[in-house]
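A quick write-up on the structure given underneath.
No lab work stands behind these numbers, since they all come straight from the coordinates. Everything numeric here is computed off the predicted structure, so don't read it as measured data. Cβ placement follows ideal geometry from the backbone for every residue including glycine, while neighbour counts extend to all protein chains displayed.
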Amino acid sequence: MKRDDDVDTSPSARRREREREEMRDRLLRTARSIAAEQGWSAVTIRRIADRIEYTSPVIYHYFSSKDALVAEVMCAGFREIADRIADAAQGSADTRLIAVGAAFWDFAFAAPELYQAMNGQAGVSFAADDMPEEVEHSFRIFLGVLESIAAERGSRLADPVGAVNTVWAYLHGFVSLTMSGRAVGDVEQGKQLMLASLAPLFDAQLRPAAASARTSRAGARRRAAAAEVIRER
């Protein structure tokens, strides 16, 4: 006898789940397609339904509202940009920072409608104290990359969270200004200008050499004191 809390793993149940996921993906792709053509303000449940030749009530079986659908698009974007950043960070310390900046830029301009949704331009945003897991994950990946680059340069980030916010905001600012047509020059010129100033900006996030040396000496003294305590015991 099947209990209420048993999970149905029959072939028909797996097929239904697969079909449900395929339909959700289709709806997300359709919303992005409309946004790419006409902007997010043109995306409505009715337009999505018309595009795939379904009725609007069918869409609500998968997403409770347009906002819920856009939120899923946003989360998918942050998952993808995290993967792009991680992949770009596989090179040497001399090239990784520029590769990460270029990957950020290329991601944004390859799918502007996705990048816009990620940054609240589709009408759905999030508060700093209520970020989706996908957003927090992308920031953790970015932080790990910045910390590893700093370590390979024999230094550390002076303020890790501040460094993530500063460098991310810098990249986003260049992308947004260029994407909106408010920057001088074309897309490629904007990219090169952004990358040219990225290294100095990152260097400014590192601990000063003197401070790092003092920290190292203080750490050595603490370790020596701890060793002395252990010997006394």
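Pairing the Cα long axis of helix 160-179 with the longest principal axis of the chain, what angle in degrees results, from 0 to 90 and rounded to the nearest 10? Between helix and principal axis, roughly 50 degrees. Rounded to the nearest 10 degrees, the angle from helix 133-152 to the longest Cα principal axis of the chain is 30 degrees.
Rounded to the nearest 20 debye, the dipole magnitude of the chain is 760 debye, with +1 charges on Lys and Arg beta carbons, -1 on Asp and Glu beta carbons, and the Cα centre as origin. Among Ile141, Ala128, Thr178, whose Cα sits farthest toward the positive end of the charge dipole of region 126-192 (+1 at Cβ of Lys/Arg, -1 at Cβ of Asp/Glu, about the Cα centre)? Going by the charge dipole, the pick is Thr178. Using only side-chain charges placed at the Cβ, +1 for Lys and Arg and -1 for Asp and Glu, the dipole size of region 8-63 relative to its Cα centre rounds to 40 debye. In order along region 27-39, the phi-based Karplus estimate (6.51 cos²θ - 1.76 cosθ + 1.60, θ = phi - 60°) of 3J(HN,Hα) comes to 5, 5, 5, 5, 4, 5, 5, 5, 5, 5, 7, 10, x Hz; Gly and Pro are listed as x.
Taking Cα atoms only, the orientation of helix 93-110 departs from the longest principal axis of the chain by about 20 degrees. Note that region 8-63, at 4 °C in a medium of 1.567 mPa s, gets a Stokes-Einstein diffusion coefficient of 107 µm²/s from its Kirkwood radius over C-alpha pairs.
Amide H contacts of Leu206: Ala158, each under 5 Å away and 5 or more positions distant or on a separate chain (H built 1.01 Å from N in the peptide plane; Pro and chain starts excluded). If one computes the Cα centroid of region 166-188 and of region 25-58, what distance in Å separates the two points? That distance is 28 Å.
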